[in-house]
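Have a look at the structure below, then the notes.
The values are calculated or read from the model by the stated rules, or taken from the named source; none is laboratory data. Since this is a predicted model, take the numbers as computed values, not measurements. So basically every Cβ, Gly included, is an ideal-geometry build from the backbone, and we count neighbours across all protein chains shown.
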């Protein structure tokens, strides 16, 4: 976003959109690539949403959290990516004040929901492995649905308040720019609520999850007899596998998240020379929404079976929601 700025008497910076210095063919390729990434993100997450929503076997607490994550990723693909990527290609914001405010809110909402959903996934896996009896009795799909709804409502109110009190929904925006304005105190609160606290909890819980999973593996290998405990061993193996697969999801998420927040802390918006670094970090974070469905397709057998049923149109058959996809 190489914008040329000129200080005005009222303190605002007037930005002039620079003329395109690339050829028309490169310009078209950039837009095609941006459209392809956004379309891949939308289609991939729609398939996840359809799979988990349609098949009753997939209505588990862990999958409901994956559904929530897919919905937030879908919002990124539908609203955030097209606006942001066109902004990068044009090197100037041309969509007006209303769309700028919408982009800010959609970006903040999708980010906070994603981070807190991944935190809930870590909590879910920790409870499933550490307290299996409590988990099977108390953590039902209904409980997770309530927690997910609370997560979305909390993020909605939190982000609206954060942006509103900093004047992000006013018309006082310099031409050609679309920057979120957050004061130092609000920025510190946001850093704690959306980054430090959730990520610390995720790391602690998943460290515990992998320690417990390792102990379970050691205990099972030590067993010499195959009697009535075999069913429990299969269940334990299933829980460990789920923890490992979701661990991959969380690791990739943190890998994409860290550059985004490091740049937010280190690179100021007034430093035009570092725009490129910040843009790459933001794109890296957005691409996590594209990568998540690919992770499901590679590592989750239930998603692979669901895709076969969807692409062969068997989901339109009578009682298809009762089909076995596990």
- [ ] Quick one: count up the residues across the stretch 293-308 that are touching a residue at least 24 places away in the same chain (Cβ under 8 Å) and surrounded by 17 or more Cβ atoms within 10 Å (Cβ to Cβ).
- [x] 8
Task: Meets criteria (within 22 Å of the chain's Cα centre (by Cα) and without any contact (Cβ under 8 Å) to a residue 24 or more places away in the chain) for residue 161 - done: yes
Open item on the list: Just to be sure I understand, how many residues within the stretch 117-142 are within 18 Å of residue 57 (Cα to Cα) and outside any helix (DSSP H, G or I)?
Closed with: 2
TODO: Name every residue in the stretch 100-138 that is crowded, with 19+ Cβ neighbours inside 10 Å and over 22 Å from the mean Cα position of the chain (by Cα), in order of residue number.
DONE: 128, 129
Open item on the list: Can you go through 164, 160 and tell me which one is modelled with pLDDT of 90 or more and surrounded by fewer than 18 Cβ atoms within 10 Å (Cβ to Cβ)?
Closed with: 160
- [ ] Please find, within the stretch 248-303, the residue that is modelled with the highest pLDDT out of those that are more than 23 Å from residue 121 (Cβ to Cβ) and not in a helix (DSSP H, G or I).
- [x] 267
TODO: Please work out which one of (1) surrounded by 20 or more Cβ atoms within 10 Å (Cβ to Cβ); (2) assigned to a helix (DSSP H, G or I) is the condition residue 97 fails and give its number.
DONE: (1)
TODO: Taking residue 154 as the residue in question, decide whether it is modelled with pLDDT of 90 or more and at negative phi.
DONE: yes
TODO: Return the pairs, sorted by first residue and then second, in which the second residue is assigned to a helix (DSSP H, G or I) and crowded, with 19+ Cβ neighbours inside 10 Å, the first residue lies in the stretch 85-100 and is touching a residue at least 60 places away in the same chain (Cβ under 8 Å), the beta carbons are less than 6 Å apart, and the residues are 6+ apart or on different chains.
DONE: 93/87
